[in-house]
Amino acid sequence: MVRKLTFALALCLLAAAAFAATIPTPSQFLKMPVGADRTLADYRQVASYLRAVADASPRVKIESLGKTTLGEDEIMAVISSEANMQKLDRIREIAKRLADPRGLTDEQAEALIREGKSIVIVTCNIHSTEIASSQMAMEWAHALATANDPETKRRLDNVVLLLVPSLNPDGQIMVTEWYRKYLGTRYEGGRMPELYHHYVGHDNNRDWYMLTQVETRNLNHAVYHEWFPQVWVDEHQMGSDGPRMFIPPFADPVDPTVHPLIWREVNIVGSNMAFRLEQQNKAGLIYGYSFDAYWLGGTRNTGWWKNITGLLLETASARVATPANVEPSELHGGSKGLVEYKATINFPNPWKGGIWRLRDIMDYERIASDALLETAADRRTDLLRDVLTRARAAIADAKTGEAYRIPRDQRDWPTAQQMAQILADHNVELRQADNGDYWIPMAQPYSRFVTEMLEPQRYPEVRLQPGKEILRPYDVATWTLPLAMGVTVEHTTLPASLSTHVVTDIKPATKDVIKRGEKLTRKPRVAIYNPWGGAVDEGWTRWLLDTYGFAPKSLHPQEVKAGLQNADAFIIPDIDKETITTGRRRVDETSMRYEEELPPEYRGALGKEGADTLRAFVDNGGTLIAFGAGCDYVIQEFNIPVRNTLAKSTPADFSVPGSLVRVNVRTDHPVTEGMPSQTAIFIDRPIAFETTAPGAEMQRWVLATYPEDSRDILLSGWINGEEKLTRKAAAVATTYGKGKIVLFGFSPQHRGQTHATFPLIFNALYWSVAK
């Protein structure tokens, strides 16, 4: 009997070795040294390799998440043991039942925990220049598909890994092609002239509660409707002149509405990552640095309110795939959690400088990723039980019958429908009554997410020492959907006798402002200013106008100077006037002014010639529309009776990281047609207009003003110096020659979220062709 078992084991080992030998390494398959200096596999090569591994290995399966904006196939590799791969449907069903345990007894739940497997998702390369993780993903997949050591087998027996090699395939291809084009030239490893996502560039990591982009929606559906992972790790890169890798624990502040078990699990996973990296002599690891535990918008962050433990990894960058030579004197702190670049308790082993390569980044990421699998295997039952605990706590938070109601009878029902669909897409339980009202019962696992989305935020003012300044927000400080979208929502009680049914797929009616546009004799021809190097606000503006059928043209400086004869309206997005005028970014006197040069054909700015072109355009009947900081450029170049009273302010005088505030709206002007007398606007710039009565040569209209009492201004978020906004204008329109100028001193289309102020943009465009 012993001989038979020994012989069988030997056969198994031989079969495993033979099977592993049939799977080439990424370098062998692609016929390039993956991870070497100046060598990159593009997304199509990465995807082809992972598909080849899946074809050869019973441990790997490829799932298509959907098509990207530009038509690439967004894929996810599912990796686990052979036995688990045969029962993935059952593993997913267990994860789903534990994520929504309504109706489960304790005994049933414990049985599911014993049977279930940890599901962890690792997302790579959402920011396309942060490219190392897309390369690392191939090597990691190969190792997991071929290794037969006991520890790898143990991990795969206990864990199902969902590996997304790139959350922005289009951008990964853009970056790779740009890098290859200029390899060996003075522009090697330099910045691109365009955004690295067709629409939203770096902001694709700010879309995870609004779900405007197809790539976001693809993965959101996989995570919250199909797989229900317990842990989510999102792999990024950061600048090259500080720590080598940020690994949680996160920095303060923390959102107190997130279940504390989230942070305990984050810290366990992160600590093991740092431990394994330090064991392998990887210096420069830091925690409690820069990245806080409050902001909701990022890839993994949204999951905190949906009971998923989310971690961010940030590794120092090279010059794409070109080594970076970092002098010791160039290493610095200066960010939250590291004032000076020296050993501290959260940064005990500073990197000393030198050559930093693509391979270094990949190695750090790989060690951290392996440590994730180790912890997920070690803590399998804890992770499953903790998801159950968090879901039950969210359900128990609700009072009897507690619910939110989105009434059918409201000013903008189509937008209310859109908001309801966003919540349904997040797998929030949404019900509809016979009269059309939507109801959101709060006795559900994602109730904390619902509250976070529907109620105003108040940023927690955390100070590390008495009397010191508060820790500033990492990103924006608000995400209140009803305010941003202009939707009426009531926090109330769902009557037990009310008949409702679950809804998941809503087809919103057409917005009234779009219906008005359909009645125009001709559609406005729209152009948008697009500086070399790209501008995220240009991308969001283009996305909005494409979405609603305006088909805008995006114009670079040379194209603007050639004339705007084919445009009725020209939009200057939220771009600093220095960038518009000179092509250089705005910096203060103490900051480094150096910027890498773009190739000659991608240089230039509007300068005097462009300003002359714009003045001639408006003088001859065109309409100029500016958003945010773009207004400062218009005020500088046009003789109009408007000034920005906060143009010279300092952060100590006025600061707003991104908040929703109240304005009073003049409703008898074409630009404000259909607007309510008060609305919320999104502000993140020091802009407050003061106007004066013009001469007979022009007219001016104050379209929106801030309240007289500063206590009435902030609706959601955080602001310092709100008294400087009182009785100032937020939006102004003027005539100019035969044309018109409209200044929005805020972001009326901020990240595709502020539906409440979309009509102002559309109306301004309609005004450009009004008789």
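The values are calculated or read from the model by the stated rules, or taken from the named source; none is laboratory data. Just so you know, these numbers come straight off a predicted model, no measurement behind them. Here Cβ is always computed from backbone atoms with ideal geometry, including for glycine, and neighbour counts include all displayed protein chains. Just the protein is used for accessible areas: all its heavy atoms, side chains included, with ligands, DNA and RNA removed. Shrake-Rupley method; radii C 1.70, N 1.55, O 1.52, S 1.80 Å.
Each residue of region 552-563 is assigned a 3J(HN,Hα), and the resulting list reads x, 9, 9, 10, 7, x, 4, 6, 5, 5, 6, x Hz, derived from the Karplus form 6.51 cos²θ - 1.76 cosθ + 1.60 (θ = phi - 60°), x at Gly and Pro. Would you mind counting up the charge near residue 669? Only other residues with Cβ under 13 Å from its Cβ, with Lys and Arg at +1 and Asp and Glu at -1. Computed value for this residue: +1.
Principal-axis analysis of the Cα atoms of the chain puts helix 260-279 at an angle of about 60° to the longest axis.
The relative contact order of region 118-251 comes to 39 percent, based on Cα pairs under 8 Å that sit 6 or more residues apart. Of the solvent-accessible surface of region 321-466, computed with a 1.4 Å probe over protein heavy atoms with every protein chain present, carbon and sulfur atoms account for 48 percent. The alpha-carbon positions of region 620-771 define a convex hull whose volume is 108 Å³ per residue.
Put the Cα centre of region 35-102 next to the Cα centre of region 710-767 and the gap is 44 Å.
Put a dot 7 Å past the Cα of residue 735, heading toward its Cβ, do the same for residue 86, and the two dots end up 8.2 nm apart. Just to confirm a number: summing +1 for Lys and Arg and -1 for Asp and Glu over residues other than residue 251 whose beta-carbon lies under 14 angstrom from that of residue 251, what do you get? Result for the neighbourhood of residue 251: -2.
Across the cross-link table entries 96/153; 507/728; 96/282; 608/738, which are compared at the Cα atoms, the separations over 31 Å belong to 507/728; 96/282.
Helix 536-547 and the longest principal axis of the C-alpha atoms of the chain enclose an angle of approximately 80°.
Using Cβ point charges alone (K and R +1, D and E -1), the dipole size of the chain about the Cα centre works out to roughly 700 debye. Highest average first, the peptides 125-135, 39-49 ordered by how many other beta carbon atoms sit within 10 Å of their residues are 125-135, 39-49.
Mind sorting out which of [x] 30.7, 104; [y] 27.3, 107; [z] 34.3, 116 is the real Rg and Dmax of the Cα atoms in Å computed from the coordinates? Evaluating Rg and Dmax of the Cα atoms in Å on these atoms matches [y]. Report the trypsin sites (Lys or Arg not before Pro) located in region 548-642 that are in a DSSP loop and have at most 10 other Cβ atoms inside 10 Å of their Cβ, or state none. When the trypsin sites (Lys or Arg not before Pro) of region 548-642 are filtered for loop state and at most 10 Cβ neighbours within 10 Å, 593 remain. Using a simple spin-label model with pseudo-atoms 7 Å out from Cα toward Cβ, residue 602 and residue 96 lie 4.5 nm apart.
Taking each residue as 0.36 nm, the span from residue 114 to residue 183 lengthens on full extension beyond its C-alpha to C-alpha distance by 19.5 nm.
For GluC sites (Glu not before Pro), the sites in region 583-619 that DSSP calls loop and that have at most 15 other Cβ atoms within 10 Å are 589, 595, 596, 597. Once the Cα atoms are used to define both axes, helix 607-619 deviates from the longest principal axis of the chain by about 60 degrees. Dividing the summed helix terms, -39500 (n - 2.57) for each DSSP H run of n ≥ 4, by the number of residues in the chain produces a 222 nm estimate of -10000 deg cm²/dmol to the nearest 500. In loop segments of region 319-377 as defined by DSSP, the GluC sites (Glu not before Pro) with at most 14 further C-beta atoms inside 10 Å of their C-beta are 340. Over region 204-264, all Cα pairs binned in 10 Å intervals from 0 give whole-percent P(r) values of 15, 36, 41, 8, 0, listed from short to long.
Quick check for you: which residues of region 644-668 have the amide N under 13 Å from the point 7 Å beyond the Cα of residue 723 toward its beta carbon? Residues 653-654 qualify, since their backbone N sits under 13 Å from the label point. Excluding ligands, DNA and RNA, the accessible surface per residue across the chain is 39 Å² with a 1.4 Å probe. With K and R counted +1 and D and E -1, the other residues having a Cβ less than 10 Å from that of residue 240 yield a net charge of 0.
Put the Cα centre of region 667-695 next to the Cα centre of region 267-292 and the gap is 48 Å.
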